[in-house]
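Following: one structure in structure tokens, then a few remarks.
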Amino acid sequence: MTVDKGYLAGSASLLVLSLLEKEDQYGYQIIRRLEERSRKVFSLQEGTLYPVLHKLENKGYITSYEQQAPTGRMRKYYRITPEGLQQLVEEKKRFEEFAGAVRQVMGGGLCETGAF
């Protein structure tokens, strides 16, 4: 299944922060994990990922550091900050509200408890 790039662009920060919530990762690793966890529905190119990472870093939601890989090369790893964790909680809430509204418009409606 191919996903419209607009959907991915609108949720790239949420996806990256979600991946970094569990462990620090380097760029290529983020790309691969996103593909794996989405069963290849989501795929980011480096040219799309790095601007997202820079934006998140500039906002203080992630930090970066360099560490030597087993191959001897230096890799830049990214780590979520406490501010990033708070932002992730907020973005998850906004996404759930948005997804619920989309489901309702598409005919899902509310059950008696008010949940979708």
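The values are calculated or read from the model by the stated rules, or taken from the named source; none is laboratory data. If you're wondering where the values come from, they're calculated on a predicted model, not measured in any experiment. With ideal geometry, Cβ positions are generated from the backbone for all residues, glycine too; neighbour counts draw on all protein chains shown. Ligands, DNA and RNA are excluded from the accessible area calculation, which covers all protein heavy atoms including side chains. Shrake-Rupley method; radii C 1.70, N 1.55, O 1.52, S 1.80 Å.
Here are some notes:
- Restricted to the range 26-54, and to residues there that are open to solvent by 100 Å² or more (accessible area, probe 1.4 Å), in a helix (DSSP H, G or I) and of a type outside the set (Phe, Trp, Tyr), the residue that is farthest from Met74 (Cα to Cα) is Arg37.
- Considering only residues in the range 68-87 that are in contact (Cβ under 8 Å) with a residue 40 or more places away in the chain and in a strand (DSSP E or B), the one that is least open to solvent (accessible area, probe 1.4 Å) turns out to be Tyr78.
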